[in-house]
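Working notes, structure below.
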Amino acid sequence: VPLTFGEEVVGELRVSGRQPGQPLSQADERVLTDYASQAGIAASASRLAAQLELARQRLVAAREEERRRLARDLHDGLGPQLASYTLTLDAARALLDTTPAKAADLLVDLRDQVQCAMTDLRRIARDLRPAALDGQGLAGALTDHLARMRTDTFDVDIALPETLPAMSAATEVAAFRIVTEAVTNTLRHAHACRCRVSMTVDDLAGLVVEVTDNGRGLPASGPRGIGLASMRERVDELGGTFDISSDTGGTKVTARLPLNVPT
Ligand SMILES: Nc1ncnc2c1ncn2[C@@H]1O[C@H](COP(=O)(O)OP(=O)(O)OP(=O)(O)O)[C@@H](O)[C@H]1O
Ligand SMILES: [Mg+2]
């Protein structure tokens, strides 16, 4: 007897007659059908609970990964930077009496380096919470962010609809993070000179986010970072779909996100 919940078959109830070869009576079958409809509900509930638990675990794991990345950015990036400044300061102090001009040069260098560190720090803070979203909305925040990534040798092209529809905060944040990570990847790994970001709104798919570059494509194997995994997690969390494809002409990241996510 199939166990069903709504239209879906969630299991199977196997029964045998009381005696070998003895068929089930009509009364038996009625009872079994009744029983199966109850058991179907129970089976479906326990399956949903298991799925929920799995989703919760994945969510926790994803958060943990992000913390690890933040720790790594702070520890391996800013930490050594600050340490090297103290060395430069020591050197400058040592030169102060004998060759003050050299000390001054060191201090000028140091000033530039501190400025770099401040940029890094701002990036880390921005990654934690894209505050720009609150002030400017998704389109404004992205345009602003991407403009800052554009250089003479790296063109970032943005195609957004004239107005984006209202959407959940979760969708906005996910879209923002996916685009910024994908463009950062392009900048870091692709050896690309151009990157295109596009967003379209589709009745069926919701918000479709695409980031394409003209770089060398994904390596066949190599270290697996947090970036791609966390993009995928974000999309999964919202019930969207994520896709990354590449060939020698470049890489394309596509995320489809539902506009409205129940909270
Ligand atoms: N646009 C791209 N072009 C070429 N290779 C890419 C691109 N995006 C990702 N990759 C490759 O996929 C790997 C995994 O990317 P991922 O973002 O997950 O990690 P990462 O950028 O190396 O580190 P992080 O955890 O800081 O993001 C990269 O190391 C790189 O080799
Ligand atoms: Mg990355």
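Structure summary
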quantity: Separation of alpha-carbon centers, the stretch 1-53 and the stretch 105-174, rounded to whole Å; calculated: 55
quantity: Compactness relative to 2.2 N^0.38 Å, alpha carbon Rg of the stretch 1-131; calculated: 2.46
quantity: Span per principal axis, largest first, for the Cα atoms of the chain (Å); calculated: 108, 43, 39
quantity: Pairwise FRET efficiency - SER84 versus ARG216, Cβ, R0 = 35 Å, nearest 0.05; calculated: 0.65
quantity: DSSP loop trypsin sites (Lys or Arg not before Pro) with at most 11 other Cβ within 10 Å: longest gap in the chain; calculated: 19-223
quantity: Directionally averaged projected area (convex hull, Cα atoms, the stretch 50-106), nm²; calculated: 4.1
quantity: Pairwise Cα inverse-distance average, inverted: Kirkwood Rh of the stretch 73-200 (Å); calculated: 17.3
quantity: Packing-based exposure ordering (other Cβ within 10 Å, fewest first) of THR99, THR180; calculated: THR99, THR180
quantity: Order of THR98, THR4 under a 10 Å beta carbon neighbour criterion, fewest first; calculated: THR98, THR4
quantity: Coil-residue GluC sites (Glu not before Pro) of the stretch 1-32, DSSP, other Cβ within 10 Å capped at 12; calculated: GLU7
quantity: Alpha carbon convex hull of the stretch 1-41, projected area averaged over orientations, nm²; calculated: 2.9
quantity: Antiparallel DSSP beta bridges within the stretch 126-253, percent to nearest 5; calculated: 75
quantity: Reference-scaled alpha-carbon Rg (2.2 N^0.38 Å with N residues) for the stretch 141-263; calculated: 1.02
quantity: Amide N of the stretch 207-223 lying under 20 Å from the label point, which is placed 7 angstrom from the Cα of ASP247 along Cα→Cβ; calculated: 210-221
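No value in this document is a laboratory result; all are computed from the given coordinates. It should be emphasised that the depicted structure is a prediction, and the values quoted were computed from it without experimental measurement. Cβ: placed from backbone, ideal geometry, glycine included. Neighbour counts: every protein chain shown.
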